Amino acid sequence: MASNGLVCSCAQEGGEFRFHLTSDADYLRRAQGSKYVKSNPLGAYREVREALQGGQRVLFIGLPCQVAAMRNFVGSRLADSFYTIDLICHGSPSPKVLSRFLEETGNNLSNELILDFRKKVQFQLRYRGAETVGRTGVRDRYSIAFLSGLPYTEGCYSCRYAKGDRVSDITLGDSWGSELSDEVANGISLALVQTDKGRELLEMTDLELLPVDPGLAVANNEQLQRPSTKPIERNTFMDGFRNGVRVNRLVLRARPKDCAKYLVKDILLALGLLRG
């Protein structure tokens, strides 16, 4: 953004994932990366509208439902100075599920321990600048649960924004299934321009941009077509969670094959018979 521009995005602060409006580069670096947990936009809506009313340009980055809510709150009168980016979203779990899982593994969120939810294509909780939650190369059970769609908020399974017609200026996500041969190795991202303002945003950057077939992008990103399917085990999982059952045990019950696969991998890594 220009010198009078601000960005509103989500970063972990202590035990919470919150939105802040800022131009601080250090904060924006902390806001980078995937976050597989529901974020808290409390206070951000008013901050964004007040900044726009003060003549500043604002870029808001969030889930499509959050973008839609922010656009409705800001209103059409301030829309010319308001830019939005939405993320291709599978669904978002309650932070209570993540917090209990971390407690079960002897960990917790704090200002010193900032979580990375994945590194390129490897889905695994890890503390930034520290160790992984579990053995490196072994998918932890929170990640198994998330990728299986078990802990999402109920409304995520009927999300009205999981379609090709998006609510933002740019849509960002993983570039699965594109014709670019090195996409997995290099962690290429997908950027779908939705509006002229979105094109303007991309032209402000120094990113290396390569054209891809939008049809392939849609075909290989389910949430550009439909919401995530609700697993048949989801209600049992959430009922167990509300009744205090350990998250590790609930994931094992719901996804025994996945848990067994990574347990075997963990043992082989510990014995030195496999590389992570």
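The values are calculated or read from the model by the stated rules, or taken from the named source; none is laboratory data. As the structure is a prediction and not an experimental result, all values here were calculated from the model. Ideal geometry is used to build each Cβ from the backbone, glycine not excepted, and the neighbour counts take in all protein chains shown. With ligands, DNA and RNA removed, areas are computed over all heavy atoms of the protein, side chains included. Shrake-Rupley method; radii C 1.70, N 1.55, O 1.52, S 1.80 Å.
Going residue by residue through region 246-256, is there one that turns out to be among the basic types (Lys, Arg), open to solvent by less than 70 Å² (accessible area, probe 1.4 Å), more than 27 Å from Cys156 (Cα to Cα) and over 21 Å from the mean Cα position of the chain (by Cα)?
Looking only at region 246-256, we keep the residues that are among the basic types (Lys, Arg), and these are 246, 249, 253, 255.
Among the residues that remain, those that are also open to solvent by less than 70 Å² (accessible area, probe 1.4 Å) are: 255.
Those left that are additionally more than 27 Å from Cys156 (Cα to Cα): none.
No; the residues of region 246-256 include none that is among the basic types (Lys, Arg), open to solvent by less than 70 Å² (accessible area, probe 1.4 Å), more than 27 Å from Cys156 (Cα to Cα) and over 21 Å from the mean Cα position of the chain (by Cα).
Before we move on, is Arg57 under 21 Å from Val167 (Cα atoms), among the charged types (D, E, K, R) and touching a residue at least 12 places away in the same chain (Cβ under 8 Å)?
Here the answer is yes, as Arg57 does meet what is asked.
What do you reckon, is Gly134 part of a loop (DSSP other than H, G, I, E, B) and farther than 25 Å from Phe60 by Cα?
Working: part of a loop (DSSP other than H, G, I, E, B): yes; farther than 25 Å from Phe60 by Cα: yes.
In short, yes.
Within region 215-245, track down each residue that is open to solvent by 80 Å² or more (accessible area, probe 1.4 Å) and without any contact (Cβ under 8 Å) to a residue 40 or more places away in the chain.
Across region 215-245, the qualifying residues are Ile232, Thr236, Arg242, Asn243.
Have a look at Ala79, Ala68 and point out the one that is within 30 Å of Thr229 (Cβ to Cβ) and surrounded by fewer than 19 Cβ atoms within 10 Å (Cβ to Cβ).
Ala68
Results for (1) buried (at least 18 other Cβ atoms within 10 Å of the Cβ); (2) at pLDDT below 95, shown as yes or no for each residue.
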residue	(1), (2)
Ser110	no, yes
Lys119	no, yes
Gly137	no, yes
Ser143	yes, yes
Leu150	yes, no
Arg160	no, no
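Would you say Glu203 is within 30 Å of Ile232 (Cβ to Cβ) and out of contact with any Phe, Trp or Tyr (no Cβ under 8 Å at 6 or more places or on another chain)? Break it down stepwise before answering.
Values: within 30 Å of Ile232 (Cβ to Cβ): no; out of contact with any Phe, Trp or Tyr (no Cβ under 8 Å at 6 or more places or on another chain): yes.
No; evaluated as a whole, the condition is false for this residue.
Going by the conditions given, is Ala31 without any contact (Cβ under 8 Å) to a residue 60 or more places away in the chain and either under 20 Å from Leu201 (Cβ atoms) or among the polar types (S, T, N, Q) (or both)?
yes
Being of a type outside the set (D, E, K, R) and out of contact with any helix residue (DSSP H, G or I) (no Cβ under 6 Å at 6 or more places or on another chain) is the filter here; which residues of region 257-276 pass it?
We begin by selecting, within region 257-276, every residue of a type outside the set (D, E, K, R); these are 259-260, 262-264, 267-274, 276.
Scanning region 257-276 gives Ala260, Tyr262, Leu263, Val264, Ile267, Leu268, Leu269, Ala270, Leu271, Gly272, Leu273.
Could you please tell me which pairs satisfy a Cβ distance under 8 Å, a separation of 6+ or placement on different chains, a first residue in region 254-276 that is within 20 Å of Leu147 (Cβ to Cβ), and a second residue that is in a helix (DSSP H, G or I) and among the hydroxyl-bearing types (Ser, Thr, Tyr)?
Every condition considered, the pairs that remain are Ala254/Ser148; Ala254/Thr236; Arg255/Ser148; Asp258/Ser148.
Which of (1) open to solvent by less than 60 Å² (accessible area, probe 1.4 Å); (2) part of a helix (DSSP H, G or I); (3) modelled with pLDDT under 95 does Asp26 not meet, given it meets every other one?
Condition not satisfied by Asp26: (1).
Would you check which residues across region 65-79 are assigned to a helix (DSSP H, G or I) and small (Gly, Ala, Ser) and list them?
Within region 65-79, Ala68, Ala69, Ser76, Ala79 meet the criteria.
Mind counting the residues in region 41-50 that are open to solvent by 50 Å² or more (accessible area, probe 1.4 Å) and within 19 Å of Leu98 (Cβ to Cβ)? Lay out the reasoning, then the answer.
The first filter runs over region 41-50 and keeps only residues open to solvent by 50 Å² or more (accessible area, probe 1.4 Å), leaving 42, 45-47, 49-50.
Checking which are within 19 Å of Leu98 (Cβ to Cβ) leaves us with 42.
Within region 41-50, residues that are open to solvent by 50 Å² or more (accessible area, probe 1.4 Å) and within 19 Å of Leu98 (Cβ to Cβ) number 1.
Condition (residue is more than 20 Å from Thr84 (Cα to Cα) and either outside any loop (DSSP other than H, G, I, E, B) or among the basic types (Lys, Arg) (or both)) applied to region 185-202: is it met by at least one residue?
So far as region 185-202 goes, yes, one or more of its residues are more than 20 Å from Thr84 (Cα to Cα) and either outside any loop (DSSP other than H, G, I, E, B) or among the basic types (Lys, Arg) (or both).
So which residues in region 51-64 are open to solvent by 30 Å² or more (accessible area, probe 1.4 Å) and either assigned to a loop (DSSP other than H, G, I, E, B) or within 23 Å of Arg30 (Cβ to Cβ) (or both), if there are any at all? Walk me through how you get there before you give the answer.
Start the filter on region 51-64 by keeping residues that are open to solvent by 30 Å² or more (accessible area, probe 1.4 Å), which leaves 53-57, 61, 63.
Gly54, Gly55, Gln56, Arg57, Ile61, Leu63 - these are the residues of region 51-64 that are open to solvent by 30 Å² or more (accessible area, probe 1.4 Å) and either assigned to a loop (DSSP other than H, G, I, E, B) or within 23 Å of Arg30 (Cβ to Cβ) (or both).
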